[in-house]
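Participant: Before anything else, here's the structure in question.
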Amino acid sequence: MPIVSEPNLRKITEQNQLSGLYLLYGEEPYLVSQWANRIIKKAVGKDASDFNFQRFSGDVSADDLGDASEALPFMADKKCVAVSDLTLDGRTPNEMKKLEQLLSEVPETTVLLIYQLSQNVLSAKDKKWKKILDLCKKNGTVVTFPRKSQQELSKILCTGASKRNCTLSKFNADKIIASAGTDLSTLLQELEKLCAYTGEGEITKETIDQLVTKTLEVRIYDLSKWILAGNYDKAYLLLDQLFAQNVEPISLLSVLSGTYMDLYRVRSAIESGNRALDVGKYFDYSRREFVLTRAEREVRDLSMSVLRKSLDVLEKADLALKSSRGNRRIILEKTLAELLLTAKGD
């Protein structure tokens, strides 16, 4: 069977057609986990006995997995055997042969579920994994969970708010994403917090500003915003807060440089007669389209000359930090001063 999508898996589970082998993986570990739990409940019910449900970690031996899969269910039609983050490293050729045979001959009375929560665990470039993936496609159901687009994430948040007796506009959903990032699990935690605070009714912009935890990227974007606005007090206050929270200087500078690079790309696109979002055609901004629209607002009054000089300042700071010449805090404070002066045209 070819790799199927999440909607197809929903149809399978709703029609109670579960049987055989399942492999779930992808770039949305939250959804992988959610669907793994749904499959387990569909296969053996909410209160499954230890006889009919067994869970293993990734380094389970082929023999143990085979014994669990081949055992008959106890007073039920099916049993479920679940393996999270199956690993292949270190397995002998004999182990791999046993595992491949098991995946080729899963008993009809068993639902064998393999679900990969780590995005880097399954690699089709690895010969061992390619063989396992091919076997799962041939003998079972393989479901992949690709990244959700910003539009899809926004819709999930709006629907989730509605289910919790709250209303959330698309504009405010995008604001949550811009602040908290694009990790689905994190976004749903933030939504839970917002709905609990609101109770019922509209989740407002003010509530989002007050409650949503900003990612490091967003906070450093705020830093760049104060620098470009020439606001010395707020820029240095935010830098001081980041140091107080033990943010690694090299990481801080890396994100700040990335923010300036976003601004440079968008400014270049606009001066070439293109839109800000057109930058996404040439660089990977999937699920981060808001970065481009945000940058578009900031570069209206910025010249390419200021951005080029700012990038030169950041490059020198990067060399200074990585060569450990001097106190790292002083290097960043000096870099901030140079960026502020550059933004003023001095």
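The values are calculated or read from the model by the stated rules, or taken from the named source; none is laboratory data. The structure displayed is predicted, hence computed values, not measured ones. Here the Cβ positions follow ideal geometry from the backbone for every residue, glycine too, while neighbour counts run over all protein chains shown. Please note that ligands, DNA and RNA were not included when accessible areas were found on the heavy atoms of the full protein model with its side chains. Shrake-Rupley method; radii C 1.70, N 1.55, O 1.52, S 1.80 Å.
Participant: Taking only protein heavy atoms and a 1.4 Å probe, what accessible area per residue, in Å², does region 171-323 have with all protein chains in place?
Facilitator: 50
Participant: Next question. Provide the solvent-accessible area of W226, counting protein heavy atoms only and rolling a 1.4 Å probe, rounded to the nearest 10 Å².
Facilitator: Looks like 70 Å² after rounding.
Participant: I've got another one for you. Quick one: which residues, 5+ away or cross-chain, put their amide H under 5 Å from the amide H of E202? H built at 1.01 Å from N.
Facilitator: Distant-sequence amide H within range of E202: T167.
Participant: Same structure again: Could you tell me which of rounded, prolate or oblate describes region 125-276, using a ≥ b ≥ c as the square roots of the eigenvalues of the alpha-carbon gyration tensor, with rounded for a/c under 1.5 and, failing that, prolate when a/b is larger than b/c and oblate otherwise?
Facilitator: Oblate.
Participant: Who wins for biggest fluctuation among R164, R300, R147 in a Gaussian network model of the chain, springs between alpha carbons below 10 Å?
Facilitator: Its mean-square fluctuation being the largest, the pick is R300.
Participant: Of Q150, Q116, Q15, which has the largest mean-square fluctuation in a 10 Å C-alpha GNM of the chain?
Facilitator: Greatest mean-square fluctuation among the candidates belongs to Q15.
Participant: In percent, what relative contact order does region 1-78 have, based on Cα pairs under 8 Å that are 6 or more apart in sequence?
Facilitator: Values: 23 pairs, mean separation 18.9, N = 78.
For region 1-78, the relative contact order is 24 percent.
Participant: Whose amide H sits under 5 Å from the amide H of L21, counting only residues 5 or more places off or on another chain, with H placed in the peptide plane?
Facilitator: L112, T141
Participant: Could you order L237, L18 so the one with the most accessible surface comes first? Probe is 1.4 Å.
Facilitator: So the residues, ranked largest to smallest area, are L237, L18.
Participant: Here's another thing I want to ask about it. Let me make sure I get this right: for region 57-197, a, b and c are the square roots of the gyration tensor eigenvalues over alpha carbons, sorted descending. Under 1.5 in a/c it's rounded, otherwise prolate if a/b > b/c, else oblate. Which is it?
Facilitator: Because a/c hits 1.5 or more and a/b exceeds b/c, region 57-197 counts as prolate.
Participant: Roughly how many Å is it from the Cα centre of region 308-339 to that of region 83-160, as a whole number?
Facilitator: 45
Participant: Also, quick follow-up: Solvent-accessible area of M261, probe 1.4 Å, all protein chains present, reported in Å² to the nearest ten, please.
Facilitator: 70
Participant: Then there is this: Which of A178, A76, A295 moves the most in a Gaussian network model of the chain with Cα springs under 10 Å?
Facilitator: Top of the fluctuation ranking is A76.
Participant: Under a 1.4 angstrom probe, counting protein chains only, how are T110, T213 ranked by accessible area, largest first?
Facilitator: Values: T110 0, T213 80 Å².
The ranking, largest first, comes out as T213, T110.
Participant: Considering only Cα-Cα distances, which of the following residue pairs are longer than 27 Å: K41/K130; K225/K322; K127/K281; K46/K128; K11/K127; K42/K97?
Facilitator: Beyond 27 Å: K41/K130; K127/K281; K46/K128; K11/K127; K42/K97.
Participant: In nm, to one decimal, how far is the modelled label at F171 from the one at T207, with both set 7 Å along Cα→Cβ?
Facilitator: Output for this residue pair reads 1.6 nm.
Participant: Residue by residue through region 215-221, which ³J(HN,Hα) values in whole Hz follow from phi under the Karplus form 6.51 cos²θ - 1.76 cosθ + 1.60 (θ = phi - 60°), with glycine and proline marked x?
Facilitator: Once θ is set to phi - 60°, the couplings for region 215-221 become 6, 4, 4, 5, 5, 6, 4 Hz.
Participant: Further, regarding this structure: Starting at the first residue of region 292-301, write each ³J(HN,Hα) from the Karplus equation 6.51 cos²θ - 1.76 cosθ + 1.60 with θ = phi - 60°, in whole Hz, x for Gly and Pro.
Facilitator: Those phi angles translate into 6, 5, 5, 5, 4, 5, 7, 8, 4, 10 Hz.
Participant: Which loop GluC sites (Glu not before Pro) in region 14-90, with loop taken from DSSP, have no more than 16 other Cβ atoms within 10 angstrom of their Cβ?
Facilitator: The qualifying sites are E27.
Participant: Another one. Keeping all protein chains in position, work out how much accessible area K42 exposes to a 1.4 Å probe, and write it in Å² to the nearest 10.
Facilitator: Roughly 100 Å² of K42 is accessible to a 1.4 Å probe.
Participant: Return a whole-number percent for the relative contact order of the chain, with Cα pairs under 8 Å and 6 or more residues apart as the contact set. Mind showing how you got there, number by number?
Facilitator: Working: 469 pairs, mean separation 54.7, N = 346.
Computed value for the chain: 16 percent relative contact order.
Participant: Short version: ³J(HN,Hα) in whole Hz for each residue of region 248-263, in order, from phi by Karplus 6.51 cos²θ - 1.76 cosθ + 1.60 (θ = phi - 60°), x for Gly and Pro, what are they?
Facilitator: Coupling constants for region 248-263: 4, x, 5, 5, 4, 5, 4, 5, 5, 5, x, 5, 5, 5, 4, 4 Hz.
Participant: Under a 5 Å amide H to amide H cut-off, with H placed in plane at 1.01 Å, what residues pair with R55 once short-range neighbours are removed?
Facilitator: Distant-sequence amide H within range of R55: A82.
Participant: Once you order the gyration tensor axes a ≥ b ≥ c over the Cα atoms, which shape class does region 1-118 get: rounded for a/c under 1.5, otherwise prolate or oblate by comparing a/b with b/c?
Facilitator: Oblate is the answer for region 1-118, as a/c is 1.5 or above yet b/c matches or exceeds a/b.
Participant: Let me ask you something else. Take E333, E6, E202 and sort them by solvent-accessible surface of the protein heavy atoms, 1.4 Å probe, largest at the top. Walk me through the intermediate numbers first.
Facilitator: Values: E333 60, E6 30, E202 115 Å².
Output order, biggest surface exposure first: E202, E333, E6.
Participant: For the chain, what is the mean residue ellipticity at 222 nm derived from helices alone (per DSSP H run of n ≥ 4: -39500 (n - 2.57); sum divided by total residues; nearest 500 deg cm²/dmol)?
Facilitator: After summing the helix terms and dividing by the residues of the chain, the value is -18500 deg cm²/dmol.
Participant: In nm, give the distance between the simple-model label positions of M304 and N139, each being 7 Å from the Cα along the Cα-to-Cβ direction.
Facilitator: 6.0
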